[in-house]
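Remarks on the structure that follows.
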């Protein structure tokens, strides 16, 4: 009887000792680690330098949005560049100041009525008081079960809770915090205005200096092409979004007037501003309009009408108008948009939420036009179909 031949050890454990492959693996791991550390360092620097970076980015976005008007004034009408920049800044911030002054008094009145609206909402939802009380009792019992019994045998007494009363020092602290917040806002606004003026007045000089610093002619053409694509697409995107949000504000304001809600200019402006924050902004607006409906009508069902109208306007805008007008430029992934929104809101607050989508659009435009980053750009959304030729 023939014995089976022994199995070769090399067949069980094949040779994998390849110095070149091991070196490539170590190099790849080292590169990934360095890139990760660099990205974390950049985000930490952006968070630390938010006082300077956020106004600069806001000025850059406004510059891109105002660039067509700037060229109209300086090239078509032959006005001096600095005068054109000054006129645009005065017109923009004058319009903002005028709208803010017109809605300041109605907004303060509605803010004063907000506690009454919450009380009305609580009264109208009295049918849910029983189930909510049951849930609260369950949570309270669970907290008692999980509390440590360390102080049970130390003679703890059931003293009544001490209610803190506001003192003069507390009011002083509130006043100081309000003053510091106002000073902080105007400091950022001053940085924004000055930076925007010099960006508009500089024109194409910054791009020209960047092109002169690039050594090869092909790279110079590529830099100019990418810069022009960013300016053209982002300015078109910001202009289109602003026009769409303005239309949403006018529709919501008109609908509030028809529904019998007071101060339609205020609610149209609120809808216009909140629509710059995708997904979250309209949801906040719908909740606000519902509270306003409760304050106006005093009952749940009539208050649903203005909120339902706001929701209908948002659905038409989000599902029909915006995709129709922006699909030829690029379509960003909704998941990436919401992640970017939460991330930049965590980094910079409300300005970060406003900047999240424009920053994502710029990153996508750059990635779509650099071959090594094309896969990352495709992950952000569908590539644009504007047919722009590569140099």
Response to the item:
Note on region 213-222: residues assigned to a helix (DSSP H, G or I) and out of contact with any helix residue (DSSP H, G or I) (no Cβ under 8 Å at 6 or more places or on another chain) are 213, 217, 218, 219, 221, 222
Response to the item:
Residue set 238, 192; condition surrounded by 15 or more Cβ atoms within 10 Å (Cβ to Cβ), at pLDDT 85 or above and closer than 22 Å to residue 92 by Cα; output residue 192
Worksheet, complete the sentence: Checked against (1) part of a helix (DSSP H, G or I); (2) surrounded by fewer than 16 Cβ atoms within 10 Å (Cβ to Cβ); (3) at pLDDT 80 or above; (4) in contact with a helix residue (DSSP H, G or I) (Cβ under 8 Å, 6 or more places away or on another chain), residue 262 satisfies every condition except (1)
Discussion item. Looking at region 289-303, can you tell me whether even one residue there is surrounded by fewer than 19 Cβ atoms within 10 Å (Cβ to Cβ), in contact with a helix residue (DSSP H, G or I) (Cβ under 6 Å, 6 or more places away or on another chain) and modelled with pLDDT of 90 or more?
Written reply: no
Item to complete: Report yes if residue 91 is surrounded by 11 or more Cβ atoms within 10 Å (Cβ to Cβ), on the phi < 0 side of the Ramachandran plot, within 28 Å of the chain's Cα centre (by Cα) and at pLDDT 80 or above, otherwise no.
Response: yes
Discussion item. Being under 28 Å from the mean Cα position of the chain (by Cα), surrounded by 10 or more Cβ atoms within 10 Å (Cβ to Cβ) and in a helix (DSSP H, G or I) narrows it down to one residue among 72, 83, 34, 64; which is it?
Written reply: 64
Practice prompt. Among what's in region 357-384 and is in contact (Cβ under 8 Å) with a residue 60 or more places away in the chain and within 20 Å of residue 280 (Cα to Cα), pick the residue that is surrounded by the most Cβ atoms within 10 Å (Cβ to Cβ).
Written response: 361
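The values are calculated or read from the model by the stated rules, or taken from the named source; none is laboratory data. Just so you know, these numbers come straight off a predicted model, no measurement behind them. Please note: Cβ atoms are built from the backbone with ideal geometry, for glycine as well, and neighbour counts cover all protein chains shown.
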